[in-house]
Amino acid sequence: MKFITVDSYEKLSKLAANLIASQVVLKPHCVLGLATGSSPLGTYAELAKKYDAGDVDFSSVTSVNLDEYAGLDKTNDQSYRYFMDHNLFAHINICPEKTHVPNGCADDLAKEGERYDKLIADLGGIDLQLLGIGLDGHIGFNEPDEFFTKETHLVTLDPSTIEANARFFASKDEVPTQAITMGMMSIMNAKKILLIANGQNKKDILDKAFNGPITPMVPASILQLHPDVTVIYSEN
Ligand code: F6R
């Protein structure tokens, strides 16, 4: 595992964007696994700049996002589909039909999970998976539990996750209590993993995830078993 520490969020974002852009340059038909949340915002802005400068062409890329809130559709500005459309896809030349986010409004979320896993498998898996990390160690919305879940599945969000994500909503009560998330199988099958984290409050969980025991109570700790993980951390 490579653990890179930088001294600003701007540097973290530039470095992460360079690594993602390199993946696209080296394999234009690649599958990018993408994340939402505040951590990747700078990275996405840097990727948009690279596209504007003519340095990277996303026209052959396919993307698969990690997760989506249950019950929020693409018109809801808190849905992850909306987040991706507005923060990245609208600013680069990726084909909209090649961008995939789990459907949090599917009638049967168990079937949606099966569909999503089959989609990822049919695409040949993920070349580069971008991850953030939750304060409780979640990746995607794989929350601490007694076991790791392999497949894309419905989860009940941890109270600490609802608390942390309330900053994006008008009030805590508006945060959905459930989400659909890619499971550990698709994440761990990704050829490369790039995890980005910033802020002092992420320091302890990163230490637990990468230096502590591998346990489903710290979901990100499973990444210790992945052969190609890069972590970029900025304290600021
Ligand atoms: C989002 C996701 C989550 C976030 C994590 C960190 O798609 O999968 O695991 O990466 O909650 O969120 P931020 O970046 O807002 O601290």
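Among the residues of region 43-61, are any more than 16 Å from the ligand (Cβ to nearest atom), in contact (Cβ under 8 Å) with a residue 60 or more places away in the chain, farther than 23 Å from Leu223 by Cα and not acidic (Asp, Glu)?
Within region 43-61, none of the residues are more than 16 Å from the ligand (Cβ to nearest atom), in contact (Cβ under 8 Å) with a residue 60 or more places away in the chain, farther than 23 Å from Leu223 by Cα and not acidic (Asp, Glu).
Which condition number in (1) away from the ligand (no atom under 12 Å from the Cβ); (2) assigned to a loop (DSSP other than H, G, I, E, B); (3) surrounded by 20 or more Cβ atoms within 10 Å (Cβ to Cβ) is the one that Glu112 fails?
(2)
Determine whether region 189-203 contains at least one residue that is of a type outside the set (Lys, Arg), crowded, with 17+ Cβ neighbours inside 10 Å and part of a helix (DSSP H, G or I).
Initially, region 189-203 is screened for residues of a type outside the set (Lys, Arg), giving 189-190, 193-201.
Narrowing the set further to residues that are crowded, with 17+ Cβ neighbours inside 10 Å leaves 190, 193-198.
Imposing the further condition that a residue be part of a helix (DSSP H, G or I) reduces the set to none.
No; the residues of region 189-203 include none that is of a type outside the set (Lys, Arg), crowded, with 17+ Cβ neighbours inside 10 Å and part of a helix (DSSP H, G or I).
Quick one: in region 130-157, of everything that is of a type in the set (Val, Ile, Thr) and near the ligand (Cβ under 9 Å from one of its atoms), which residue is farthest from Leu41 (Cα to Cα)? It would help to see each step written out before you state the result.
We begin by selecting, within region 130-157, every residue of a type in the set (Val, Ile, Thr); these are 133, 139, 149, 152, 155-156.
Cutting the leftovers down to near the ligand (Cβ under 9 Å from one of its atoms) gives us 133, 139.
Working: Ile133: 14, Ile139: 17 Å.
Of everything passing the filter in region 130-157, Ile139 is farthest from Leu41 (Cα to Cα).
Regarding region 122-141, can at least one residue be identified that is outside any loop (DSSP other than H, G, I, E, B) and more than 22 Å from Tyr233 (Cα to Cα)?
Looking only at region 122-141, we keep the residues that are outside any loop (DSSP other than H, G, I, E, B), and these are 122, 128-131, 139.
From what's left, more than 22 Å from Tyr233 (Cα to Cα): 122.
Checked against the condition, which is being outside any loop (DSSP other than H, G, I, E, B) and more than 22 Å from Tyr233 (Cα to Cα), region 122-141 yields at least one hit.
Pick from Gly134, Gly125: which is within 24 Å of Pro213 (Cα to Cα), small (Gly, Ala, Ser) and touching a helix residue (DSSP H, G or I) at 6+ places or on another chain (Cβ under 9 Å)? First the steps, then the outcome.
Numbers: Gly125 fails: within 24 Å of Pro213 (Cα to Cα).
The match here is Gly134.
Name the pairs: first residue in region 113-139 and under 12 Å from Leu194 (Cβ atoms) and among the charged types (D, E, K, R), second residue more than 9 Å from the ligand (Cβ to nearest atom) and at pLDDT 95 or above, Cβ to Cβ under 7 Å, at least 6 apart or on different chains?
From residues that are under 12 Å from Leu194 (Cβ atoms) and among the charged types (D, E, K, R), the pairs are Asp127/Gln23; Asp127/Lys27; Asp127/Cys30; Asp127/Val31; Asp127/Leu32; Asp127/Lys191; Asp127/Lys192.
Look at region 163-186 and say how many of its residues are of a type outside the set (Asp, Glu) and either in contact with a Phe, Trp or Tyr (Cβ under 6 Å, 6 or more places away or on another chain) or over 22 Å from Ala106 (Cα atoms) (or both).
Taking region 163-186 as the starting set, the residues that turn out to be of a type outside the set (Asp, Glu) are 164-172, 175-186.
Now restrict to residues that are either in contact with a Phe, Trp or Tyr (Cβ under 6 Å, 6 or more places away or on another chain) or over 22 Å from Ala106 (Cα atoms) (or both): 164-172, 175-176, 179, 181, 184.
Result for region 163-186: 14.
Answer yes or no: is there a residue in region 215-226 that is under 26 Å from Val31 (Cα atoms), more than 12 Å from the ligand (Cβ to nearest atom), within 14 Å of the chain's Cα centre (by Cα) and of a type in the set (Val, Ile, Thr).
For region 215-226, residues under 26 Å from Val31 (Cα atoms), more than 12 Å from the ligand (Cβ to nearest atom), within 14 Å of the chain's Cα centre (by Cα) and of a type in the set (Val, Ile, Thr): absent.
The values are calculated or read from the model by the stated rules, or taken from the named source; none is laboratory data. All figures in this text were calculated on a predicted structure; none of them were measured in a lab. Neighbour counts run over all protein chains shown; Cβ positions are idealised from the backbone, glycine included.
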